[in-house]
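The values are calculated or read from the model by the stated rules, or taken from the named source; none is laboratory data. Keep in mind it's a predicted model, so treat the numbers as computed, not measured. Cβ sites come from the backbone with ideal geometry, for glycine too, and all protein chains shown count toward neighbours.
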Amino acid sequence: MKSIVITGTSTGIGYATSKLCIENGYHVFGSVRNQNDAEKVSSELGKNFTPLIFDVTNETAVKESVKIVENQIGNQKLSGLINNAGVPVVGAVQNLSAEEFKYQFDVNLLGVFHCCQAYLDLLGADKKREGTSGKIINISSISGENGMPFMSAYNMSKYGLEGFSEALRRELLIFGIDVVIIAPGPVKTPIWEKTDQNDILNRYDNSVYKESVSRIMHMSKKMEQAGVDASVIAKRALSIIENKKSKTRYRIDSTRMQNILLQLLPKRIADRMIAKRMGLIKK
């Protein structure tokens, strides 16, 4: 049986992708952060789901998880590693702490590095393993191509992930391991539930940014509700794993035309359009 490692499988994209892969004959090793989630997801997805309890920011725990996977797959290669775990950090640069910036970087970028490095041998860097070399899929975002106010930490992590993925793809050609990016726009997932929105808004009670931060929080929730279903991302991920040839990057976005327009417009005009929408300028 072919096997895949997927991070962040408790909800959203990770859960949907795990479910689809299992339905198509794969064994999924899925990361969760605690025992309760491990038991819940295992009971729902069945015997072909093995929970790996670790936080992607914990390098030691990530490396320990490799032993569990290796014990089950023996001398076979993994078919894929899907780096999905991620969190958003929202706020003005003037108000964010260095710790918040670091946390965003640690989860969304350094966590991907930890997982890629730990699982490279199982994916095919160890040429003694049998089977076809696996693929790495990194879940990025349209935030890896367009910077938005109050999303600087998140933008930084996703821009960084895009560059990391491109460099790694070329580096791993020697092993036949491909690296592909999926860059979703708004997705119907509970990612914003991972943020304490009241805490964020309270921080700006006496700030010039109060109205604007409130707007972007509201807009983000609204776009999430109108976004693509996580199953759409899951189908693309499975297609990449199963097909020999794929593009290097897939953009999946319900607001595609809006974002294409932002990329085509001169930057100064785009700046003013976004600032007006956020209430950062009046004219």
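Got at least one residue in region 246-253 being part of a loop (DSSP other than H, G, I, E, B) and of a type in the set (F, W, Y)? Steps first, please.
Residues of region 246-253 that are part of a loop (DSSP other than H, G, I, E, B), as a first pass: 246-248, 253.
Among the residues that remain, those that are also of a type in the set (F, W, Y) are: none.
No.
In the set Y103, Y119, Y154, Y159, which member is hydroxyl-bearing (S, T, Y) and touching a Pro at 6+ places or on another chain (Cβ under 6 Å)?
On the way: Y103 fails: touching a Pro at 6+ places or on another chain (Cβ under 6 Å); Y119 fails: touching a Pro at 6+ places or on another chain (Cβ under 6 Å); Y159 fails: touching a Pro at 6+ places or on another chain (Cβ under 6 Å).
Criteria check complete, one pass: Y154.
Can you report the number of residues in region 119-140 which are small (G, A, S) and either surrounded by 23 or more Cβ atoms within 10 Å (Cβ to Cβ) or at pLDDT below 95 (or both)?
2
Can you tell me which residue within region 21-43, out of those that are among the hydroxyl-bearing types (S, T, Y) and more than 14 Å from V5 (Cα to Cα), is surrounded by the most Cβ atoms within 10 Å (Cβ to Cβ)?
Taking region 21-43 and keeping what is among the hydroxyl-bearing types (S, T, Y), we get 26, 31, 42-43.
Now drop any that are not more than 14 Å from V5 (Cα to Cα), which leaves 42-43.
Details: S42: 15, S43: 9.
Ranking the candidates gives S42 first.
Please work out which residue is nearest to the chain's Cα centre (by Cα), limiting yourself to region 90-121 and to residues that are within 24 Å of A234 (Cα to Cα) and in contact (Cβ under 8 Å) with a residue 60 or more places away in the chain.
G111
Checking S143 against (1) surrounded by 20 or more Cβ atoms within 10 Å (Cβ to Cβ); (2) more than 24 Å from M223 (Cα to Cα); (3) free of Cβ contacts under 8 Å to residues at least 24 places away in the same chain, which single condition isn't satisfied?
(2) is the only condition that S143 fails.
Step by step: first the residues of region 209-232, then only those that are in a loop (DSSP other than H, G, I, E, B) and touching a strand residue (DSSP E or B) at 6+ places or on another chain (Cβ under 8 Å), then the one that is farthest from I281 (Cα to Cα). Which residue is that?
To start, the set of residues in region 209-232 that are in a loop (DSSP other than H, G, I, E, B) comprises 209, 226-227, 229.
Applying the additional criterion that residues be touching a strand residue (DSSP E or B) at 6+ places or on another chain (Cβ under 8 Å) yields 227, 229.
Numbers: G227: 27, D229: 34 Å.
My answer is D229.
Determine whether region 44-60 contains at least one residue that is in contact with a strand residue (DSSP E or B) (Cβ under 6 Å, 6 or more places away or on another chain), surrounded by 18 or more Cβ atoms within 10 Å (Cβ to Cβ), within 16 Å of L122 (Cα to Cα) and of a type outside the set (A, V, I, L, M).
Within region 44-60 (the criterion being in contact with a strand residue (DSSP E or B) (Cβ under 6 Å, 6 or more places away or on another chain), surrounded by 18 or more Cβ atoms within 10 Å (Cβ to Cβ), within 16 Å of L122 (Cα to Cα) and of a type outside the set (A, V, I, L, M)), the answer is no, since none of the residues qualifies.
Looking for whichever is surrounded by 13 or more Cβ atoms within 10 Å (Cβ to Cβ) and under 22 Å from K19 (Cα atoms) here; the options are S212, S231. Which one fits?
Details: S212 fails: under 22 Å from K19 (Cα atoms).
When all the criteria are applied, what remains is S231.
Which residue, of S10, S65, S18, is under 24 Å from I177 (Cβ atoms) and either in contact with a Ser or Thr (Cβ under 6 Å, 6 or more places away or on another chain) or not in a helix (DSSP H, G or I) (or both)? Write out each step before concluding.
On the way: S10 fails: under 24 Å from I177 (Cβ atoms); S65 fails: either in contact with a Ser or Thr (Cβ under 6 Å, 6 or more places away or on another chain) or not in a helix (DSSP H, G or I) (or both).
The match here is S18.
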